[in-house]
Amino acid sequence: MEKKRVAGRFVKDAVEERSGPEKKSAAVGAPRPRYCRSCTRKRMAEALPQIVEALVDKAKEGSVPHTQALAELSGLTRAEAVPPVRKRREKSLASALLEQFGE
């Protein structure tokens, strides 16, 4: 099975040449500690289509936890952003008194 490369924010080649006395060979396929987070994001981004397909299949079978996970991932559980209702401030005591005695 051929691996598909997915373009995206976290799918970048994180290869940088190191020089100097610190240069050590890492195990085959193991990222340097400096690149663990970016490597994890890259692998997750590449596997995400298969993960979502598996979640959809399980949700279609009637699995409630899988349906909840899909709803959370897709943003269906988030409420729409409702702008706050602004209330007008009451008149200050000074303006109320001026209005009352000014008449």
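The values are calculated or read from the model by the stated rules, or taken from the named source; none is laboratory data. Keep in mind the model is a prediction, meaning the values are calculated, not measured. A quick note on method: Cβ atoms are made from the backbone with ideal geometry, for glycine too, and the neighbour counts reach across all protein chains shown. These accessible areas exclude ligands, DNA and RNA; they are computed on the full protein's heavy atoms, side chains included. Shrake-Rupley method; radii C 1.70, N 1.55, O 1.52, S 1.80 Å.
Evaluate segment 13-34: report whether one residue or more is outside any loop (DSSP other than H, G, I, E, B) and either of a type in the set (Val, Ile, Thr) or at pLDDT below 85 (or both). Before the answer, list the steps.
Initially, segment 13-34 is screened for residues outside any loop (DSSP other than H, G, I, E, B), giving 33-34.
Next, from what is left, pick out any that are either of a type in the set (Val, Ile, Thr) or at pLDDT below 85 (or both): 33-34.
So far as segment 13-34 goes, yes, one or more of its residues are outside any loop (DSSP other than H, G, I, E, B) and either of a type in the set (Val, Ile, Thr) or at pLDDT below 85 (or both).
When the residues of segment 65-80 are narrowed to those that are at pLDDT below 85 and open to solvent by 100 Å² or more (accessible area, probe 1.4 Å), which ends up nearest to Leu55 (Cα to Cα)?
This residue is Leu76.
Need pairs with beta-carbon distance below 8 Å; first residue closer than 26 Å to Ala30 by Cα and within segment 40-65, second of a type in the set (D, E, K, R); sequence gap 6+ or separate chains.
Going by the 8 Å Cβ cut-off, the qualifying pairs are Lys42/Lys12; Ala45/Arg9; Glu46/Lys3; Glu46/Lys4; Glu46/Arg5.
Please give the number of the condition Gly62 fails out of (1) at negative phi; (2) outside any helix (DSSP H, G or I).
The number of the failed condition is (1).
Within segment 40-56, does at least one residue satisfy the condition of being open to solvent by 80 Å² or more (accessible area, probe 1.4 Å), at pLDDT below 85 and either under 30 Å from the mean Cα position of the chain (by Cα) or not acidic (Asp, Glu) (or both)? Before you say what the answer is, go through the steps one by one.
Keep residues of segment 40-56 that are open to solvent by 80 Å² or more (accessible area, probe 1.4 Å), which gives 40-41, 43-44, 50, 53.
When the remaining residues are screened for being at pLDDT below 85, the result is none.
No, that holds for no residue.
Mind checking which residues of segment 58-90 are among the aliphatic types (A, V, I, L, M) and within 24 Å of the chain's Cα centre (by Cα)? Break it down stepwise before answering.
First pass over segment 58-90, keeping only residues among the aliphatic types (A, V, I, L, M): 59, 64, 69-71, 73, 76, 79, 81-82, 85.
Scanning segment 58-90 gives Ala59, Val64, Ala69, Leu70, Ala71, Leu73, Leu76, Ala79, Ala81, Val82.
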